[in-house]
1. State yes or no: is B:Arg63 among the basic types (Lys, Arg), at pLDDT 85 or above and within 26 Å of B:Pro131 (Cα to Cα)?
2. Right, B:Ala46: buried (at least 18 other Cβ atoms within 10 Å of the Cβ), in contact with a Pro (Cβ under 6 Å, 6 or more places away or on another chain) and of a type in the set (Gly, Ala, Ser) or not?
3. Would you pick out the residues in region A:229-245 that are among the charged types (D, E, K, R) and outside any helix (DSSP H, G or I)?
4. Filter region B:280-295 for residues that are crowded, with 17+ Cβ neighbours inside 10 Å and within 24 Å of the chain's Cα centre (by Cα) and give the result.
5. Would you confirm whether or not region B:190-198 contains a residue that is among the β-branched types (Val, Ile, Thr) and either more than 30 Å from B:Glu259 (Cβ to Cβ) or surrounded by 22 or more Cβ atoms within 10 Å (Cβ to Cβ) (or both)?
6. For A:Lys143, indicate whether it is among the basic types (Lys, Arg), under 20 Å from A:Ala217 (Cβ atoms) and buried (at least 21 other Cβ atoms within 10 Å of the Cβ).
7. Report yes if B:Ile13 is part of a helix (DSSP H, G or I) and more than 7 Å from chain A (Cβ to nearest Cβ), otherwise no.
8. Could you check A:Ala54 against (1) in contact with a Pro (Cβ under 6 Å, 6 or more places away or on another chain); (2) within 23 Å of B:Asp218 (Cα to Cα) and say which number it fails?
Number of protein chains: 2
Amino acid sequence: MPARRRIGEFELIARYFAPLARGFDGAGGLVSDNAFLAADARHDVAVKTDTVVAGVHFLVDERAERVAAKALRVCLSDLAAGGATPLAYQLSLALPVGWRERWVADFARGLAADQRRYGILLCGGDTVVTPGPLTVTITAFGKVPRGKGLGRADARAGDELWVSGTIGDGALGLLAARGKLGFLGARDRKVLEERYRLPQPRSRLGPSLIGIAHAVADVSDGLLADAGHIAAASRLAVQIERTQVPLSASARRALAQDESLWPSVLGGGDDYELVIAVPPGRVPALRDAARAVGVGVTRVGRFARGRGARLTVEGRAVPVPRAGYVHF
Amino acid sequence: MPARRRIGEFELIARYFAPLARGFDGAGGLVSDNAFLAADARHDVAVKTDTVVAGVHFLVDERAERVAAKALRVCLSDLAAGGATPLAYQLSLALPVGWRERWVADFARGLAADQRRYGILLCGGDTVVTPGPLTVTITAFGKVPRGKGLGRADARAGDELWVSGTIGDGALGLLAARGKLGFLGARDRKVLEERYRLPQPRSRLGPSLIGIAHAVADVSDGLLADAGHIAAASRLAVQIERTQVPLSASARRALAQDESLWPSVLGGGDDYELVIAVPPGRVPALRDAARAVGVGVTRVGRFARGRGARLTVEGRAVPVPRAGYVHF
């Protein structure tokens, strides 16, 4: 079932992707079947795969450079949550029938820019043509000191829940991109939309949380859902105080005009901030680590014995709006 | 852009995929963002990603267990070509809108069977819903002794070209599956079709080629194309003698009735045998290694200074039929 041949897969790899693997010895210029991650007795390799599909995880008319950045950054956000420093990635690119070489060139340029920004190199992958929508799967590799990788399962009762940056901009940005926030000023809409289109993974904060945090996850399903996932994996309950949730000025203005946006802010995804379970005694170390990389961190709740996620407003329990953004 | 929710992604992972990660410590039961491949000073990690799309790389009506096996095995075939022993894999499953839990259960059962067969464990991934066809991307990890991983680039002039097993069954099997080999007996058609539907990666032969072969690739694009890729990556020419190409009894009967199938046999893909560049002095070692794992190997040509792939029949040059099977 051959698709129409423009330039062949090998030429495409040689022209656009091999340059992205320059400098990663184990990729061997992408001429072989495998890449090889060199043995390193002092580090484990963190691994995460993320798939983004046109019309599901990014807008169908998104520019190629932005698709590249989004695909890579959602994966880098996961590595950050693991405490890992970016190392290399594999790319599976499923191009829609009718793809154009120009698009691939732009996509590769977007990858190249982010490779420089995050210090990561391509090390291999696959390229296919699909009768479906453009689909990009990235498997990213990061380095963590041996045995020190962070996950969701080790929060403890009494840990505080902290978040990086601001929450809700991703979900509000998606609403803005779909023309749903017309009451808001153009500048605010643009700021929010940019947050949705171009995640800013916390790649420097994540590794600095090793030895400080008990558990970390990134906010891809929404603050309530992702904090809830840490609680569930650690067999704990989590309580989040809404008045403590850090908001951007744009999000604050949106909520001031329309309180019904709160469920999107707390339950929408795509913030790509970190949610962090930290014991009270290590809070000063957390503050120092965040200051050192220039990222704000805010206490928003705590973990306790029990089950489930509980939302409060000035200490009074309120209904949890929804279980999280459902890409799935 | 939420898709219809049946069971959620977390429940799906817990029910069907977490059991597949049991026994792989670094997967942490799939409750965290990342998996961790433990540091190992004696081995490098071989990595390969392959994507298969319904209607492109497998038949749209293929059974879920077979889809699982094909997706995993094409990746295992690449690891074998690298000399790597299977270790773990990440799975990205893009389910079509309207997917059924029953299908996922069957798919997971197919993975479980092959995990036992090949000694590999799931260590993470992603699950999304796509408006397009079912798409499975697997990134497989294997272990190779440090610095010893095999690739395409190190063949040398004078090396002999050997292949494992038999060639052409995959391409003939696809023709059989599409009803194109009606002149052939039902048993032969079934044998060939099985070869297409269910690759047999050379996972035991591959690692035993370390220290013997200069270069190895798997036959996924067709013998001529894949031998040509070794030649190109090694900056050599390759000559293949058609009368030496090992054929199954079924393929021999097909060719006896229709000589025009030769281009499919030599240029079709999906054989998942290994093409091996070996110096003449190590041929006895190659024979021993192949015998030890119960796989036939056959000399089909040689590498020389120059460029390109040349096909001969009893020493006389004949036109190379086509450049390889074009999935792309």
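1. yes
2. So B:Ala46 does not fit the description; no.
3. Of all residues in region A:229-245, those among the charged types (D, E, K, R) come to A:235, A:241-242.
Once the filter is applied, which keeps residues that are among the charged types (D, E, K, R) and outside any helix (DSSP H, G or I), region A:229-245 yields A:Arg235, A:Glu241.
4. Hits for region B:280-295 are B:Leu286, B:Ala289, B:Ala290, B:Val295.
5. From region B:190-198, those among the β-branched types (Val, Ile, Thr) are B:191; that's our starting set.
Filter once more, keeping what is either more than 30 Å from B:Glu259 (Cβ to Cβ) or surrounded by 22 or more Cβ atoms within 10 Å (Cβ to Cβ) (or both): none.
No, there is no match, as no residue in region B:190-198 is among the β-branched types (Val, Ile, Thr) and either more than 30 Å from B:Glu259 (Cβ to Cβ) or surrounded by 22 or more Cβ atoms within 10 Å (Cβ to Cβ) (or both).
6. So A:Lys143 passes the test.
7. When the stated conditions are applied, B:Ile13 passes them.
8. All conditions are met except number (2).
The values are calculated or read from the model by the stated rules, or taken from the named source; none is laboratory data. Quantities reported herein were computed from a predicted structural model and do not represent experimental measurements. Note that each Cβ is placed from the backbone with ideal geometry, even for glycine, and that neighbours are counted across all protein chains shown.
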